[in-house]
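Undergrad: Take a look at the following structure, please.
Taken together, the values in this text are just the output of simple stated rules run on the coordinates, not laboratory data. Being a predicted model, the structure only gives us computed values, none of them experimental. Reconstructed Cβ throughout: ideal geometry from the backbone, glycine too, with neighbour counts over all protein chains shown.
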Amino acid sequence: MENSENINDLDFISSLTAAVDARLPEAIDLRRELHASPRLSGDEADTRDMVLRRVPWAVPEAVALTGAVARLEGPNRGTVVFRAETDALPIQEETGVDWRSAVPGSMHACGHDVHMASAWLAFAALRDAGPGLLAPALLLQPREEAAPQGAADVVRDGILDRLGARSVIGVHVQPELPVGTVSALPGMVNASWDDFTITVRGRGGHGAYPQTTKDPIPVMCSIVSALQQVVSRRTDPMRATVLTVGTIRGGSGANIVADSVTCSGTLRTSLEQDRVLVHSEIQSIVKAYTAGHGVDGDYTVDGGGPPLVNDDALSVRAEALLRDASFRVASPGFRSCGSDDFSFYTERVPSLMTFVGAGREQGGPGLHHSRFLPPDRLVRDCALAFIAGYIAANATL
């Protein structure tokens, strides 16, 4: 395209859609190949290379150990990056399809196979039809599902600056939305995330002689109970905040007072200020209860990430383009306290995450389930969502 005035015209959108449809069989083959050969977080080199073999026209650059970025040459106005996650989950697949995982205990149960195939499809379509004012780039990002998060490493690497990235576009299949439906809301669409651990250390002994011990278990029970009031009484109820204690471990016998007990949980917030507040409140509770009972304790946080915040202009423009492409825009749109390390990109440059409906029957399998298997048509749907984000980014020039 030669100028910004015609970047969004119907001829350009039509040509990109035609290019997507022409390569769709290849993309579906790629999706199934990826699905059959999943690799867990930190071991995605084979997955990366499987996709890179399909882009011989682009020169890749390594990033985040097992990731890569491939860029198409274009006008020197910057780059729009299509981000696709490469890692699978430690789940034994139970779908029964011919192209199910051939790797025991590993499965693409979060749609990453679809995301990679559709990002490749959008990237290839832009090569075939010709890009707009911004050059497209394909980012194969590792470790979305496990720490240390791959997106944080990509940002630290500085490759977005070297690419002149104007925007990063992400797409995620979402079984809570019907097939044919999309959601690209502005603002927070995924929460921040932090996993935490609380440890209380006392003095163990015989259960029949509690006066000779310092029992950590009642102290931990009091702490867990007090945590329930942090969200209900210290944060604004109009802003989503979730604090969940998922494990409690301690003790070795019914008549033994434990030396220590540990609990772990997760914190999700819609605003960074609430994230900071809740961590401070938990720390205060642990200090107060342990000091009051004469035991020791500590609170540690495993590094998480910020809320995922969509750029307003990209969201509005992309949803309009997808509506023109015959998608139904979800009403109300989709937000959740789920998390995604795509949020590290939204902190860096104006970025957009679009959710594409995968549909499911009542009680059917959802994300991270051993029988979750989005239909092949979502490869096309997600590719068009990537392209809508690309065109929206061009429109901001």
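Undergrad: Quick one: Karplus J couplings for segment 189-194, per residue in order, coefficients 6.51, -1.76, 1.60, θ = phi - 60°, nearest Hz, x for Gly and Pro?
TA: These are the phi-based 3J(HN,Hα) values: 10, 9, 7, 5, 8, 8 Hz.
Undergrad: Something else: Order these peptides, 38-46, 168-176, by their mean beta-carbon neighbour count within 10 angstrom, highest first.
TA: The densest-packed peptide leads the list: 168-176, 38-46.
Undergrad: Still on this structure, I have one more. Please arrange 360, 317 by counting, for each residue, the other beta carbons lying within 10 Å of its beta carbon, fewest first. Can you show the working numbers first?
TA: Working: 360 19, 317 22.
If I rank by nearby Cβ atoms, fewest first, I get 360, 317.
Undergrad: Once you've got the GNM for the chain with C-alpha springs shorter than 10 Å, pick whichever of 260, 183, 315 has the biggest mean-square fluctuation.
TA: Residue with maximal mean-square fluctuation among 260, 183, 315: 260.
Undergrad: Stretch residue 371-residue 156 to full length: gain in nm at 0.36 nm per residue minus the Cα-Cα span?
TA: Extra length available between residue 371 and residue 156 comes to 73.8 nm.
Undergrad: With a 10 Å radius around each residue's Cβ, average the other Cβ atoms per peptide and rank 73-84, 234-245, highest first. Walk me through the numbers before you get to the answer.
TA: Numbers: 73-84: 21.0, 234-245: 14.8.
Answer by packing, highest mean first, reads 73-84, 234-245.
Undergrad: Tell me, what ³J(HN,Hα) does each residue in segment 14-29 have, in order and in whole Hz, if you take phi through Karplus 6.51 cos²θ - 1.76 cosθ + 1.60 with θ = phi - 60° and put x for Gly and Pro?
TA: Residue by residue, segment 14-29 yields 5, 5, 5, 4, 5, 5, 4, 5, 5, 9, 4, x, 4, 5, 5, 4 Hz.
Undergrad: Related question: Once amide H atoms are placed 1.01 Å from N in the peptide plane, what residues at a sequence separation of 5 or more from residue 110, or on another chain, have their amide H within under 5 Å of its amide H?
TA: Hits under the 5 Å cutoff: 368.
Undergrad: Further question on the same structure: Once every DSSP H run of n ≥ 4 in the chain is given -39500 (n - 2.57) and the sum is divided by its residues, what mean residue ellipticity at 222 nm do you get, rounded to the nearest 500 deg cm²/dmol?
TA: -12000 deg cm²/dmol
Undergrad: Would you indicate which of (i) 82, 44, 41; (ii) 79, 54, 40; (iii) 60, 48, 36 is the value of Cα extents along the principal axes in Å derived from the coordinates of this structure?
TA: Looking at Cα extents along the principal axes in Å for this model, the match is (i).
Undergrad: If amide hydrogens are placed 1.01 Å from N in the peptide plane, which non-local residues have theirs closer than 5 Å to the one on residue 297?
TA: Distant-sequence amide H within range of residue 297: 201.
Undergrad: Stretched out fully, how many nm does the piece from residue 206 to residue 43 gain, at 0.36 nm a residue minus the Cα gap?
TA: 54.0 nm
Undergrad: Here's something else I'd like to know. Label points 7 Å out from Cα along the Cβ direction at residue 102 and residue 61: separation in nm?
TA: Calculated label separation equals 3.4 nm.
Undergrad: Okay, next question. Give me the tail of P(r) for segment 259-361 as a percent: Cα-Cα pairs with distance above 19 Å.
TA: Result: 60 percent of Cα pairs exceed 19 Å.
Undergrad: Just to check I understand the Karplus step: with θ = phi - 60° and J = 6.51 cos²θ - 1.76 cosθ + 1.60, what whole-Hz values come out for segment 164-179, glycine and proline as x?
TA: Values per residue, Gly and Pro as x: x, 5, 8, 7, 10, 10, x, 9, 9, 5, 9, x, 6, 10, x, 4 Hz.
Undergrad: Angle between the Cα long axis of helix 272-292 and the longest principal axis of the chain, 0 to 90 degrees, nearest 10?
TA: So the helix axis and the longest Cα principal axis differ by about 10 degrees.
Undergrad: Give me 166, 249 ranked fewest to most by other Cβ atoms within 10 Å of their Cβ, as a rough exposure proxy.
TA: Details: 166 21, 249 12.
Fewest-to-most ranking of 166, 249: 249, 166.
Undergrad: Then there is this: Separation between the residue 254 and residue 283 pseudo-spin-labels, each 7 Å from Cα along Cα→Cβ, expressed in nm?
TA: 4.2
Undergrad: Would you grab the residues whose amide H sits under 5 Å from the one on residue 63? Only those 5+ places off in sequence or on another chain, please, with H modelled 1.01 Å from N.
TA: 68, 69
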